[in-house]
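Student: Attaching a single structure in structure tokens format; questions to follow.
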Amino acid sequence: MSIFKRLSATFGARLDQVVGEIENHDAVIVASLTEIQQKIANAKYQLQQMRNEEKLLNKQLNEEKDNIHRWRQRAINCAPSDEEKALDCIARSQQCRKKAEALEKNISEHNQAQNEINRSIESSEQYHTEMKQKLTLMRARTSTNQALDVTLKLDNQPEIILEDTFKRWEINTTSIDSYPRYDTDQDSLEHEFSLREEKEQLKKELSALLNAENDNEK
């Protein structure tokens, strides 16, 4: 194998490796973006679940507040005739108050968690969009670079062949263009005049020769 072929084979293998690495990068990024999108979807589902739970907690809170008012009203009604029962009603009212306080705390924690999840979703969606745009840009740059690789970085044997062929073609064309182009009648006429002119020239040279000879004899 010639040095040129070995170099071409080495470069071709390296180019395939680079292209493979680029394709792997693309695949890794696509997989990561898909994973981020799935996490965003899961976070949104979790957020919706927490909102549903909050609605249920608010419903329970309103019920406990109603119970507080109901037991307090019962205590008021029972107090004149049955103090013990009125005290039991107050105790029930306090129990409802504790439940209501626990529910309020739970709702507050739900709100905080929802806000954090919502901010995380917004941040992740923004990041996901930016990375998708970057992927599109990198794909465009890669396509451009690969096109340049084909035209500039591949072995120069095709270029040599093309340039040499064009050069020989141009030489042949120039040589053909340099030939005089006369039709048949013009060639015959030219030939006739050429013969006459050559004969006249010969006569002149003969005359000069004879004159020179005569001068020598004198």
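Student: Go through the stretch 185-204 and report how many residues are at pLDDT below 70 and surrounded by 10 or more Cβ atoms within 10 Å (Cβ to Cβ). Break it down into steps so the answer makes sense when it comes.
Tutor: Step one: of the stretch 185-204, the residues at pLDDT below 70 are 185-187, 203.
Pick out the ones that are also surrounded by 10 or more Cβ atoms within 10 Å (Cβ to Cβ) and you get 186-187, 203.
So the answer is 3.
Conditions (1) within 60 Å of the chain's Cα centre (by Cα); (2) part of a helix (DSSP H, G or I); (3) modelled with pLDDT under 90, marked per residue:
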site	(1), (2), (3)
E21	yes, yes, yes
I29	yes, yes, yes
E35	yes, yes, no
K44	yes, yes, no
S81	no, no, yes
E104	yes, yes, no
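Student: Okay, moving on. Scan the stretch 119-143 for residues that are loosely packed, with under 14 Cβ neighbours inside 10 Å, farther than 17 Å from I29 by Cα and polar (S, T, N, Q) and report the count.
Tutor: Total satisfying the criteria: 1.
Student: Could we say that L103 is surrounded by fewer than 14 Cβ atoms within 10 Å (Cβ to Cβ), over 30 Å from K134 (Cβ atoms) and among the hydrophobic types (A, V, I, L, M, F, W, C) here?
Tutor: No; evaluated as a whole, the condition is false for this residue.
Student: While we're here: Would you check which residues across the stretch 56-99 are in contact with a His (Cβ under 9 Å, 6 or more places away or on another chain) and of a type in the set (A, V, I, L, M) and list them?
Tutor: Hit for the stretch 56-99 is L57, nothing else.
The values are calculated or read from the model by the stated rules, or taken from the named source; none is laboratory data. Note that the coordinates shown come from a computational prediction; the quantities given were computed from them, not determined experimentally. Cβ: placed from backbone, ideal geometry, glycine included. Neighbour counts: every protein chain shown.
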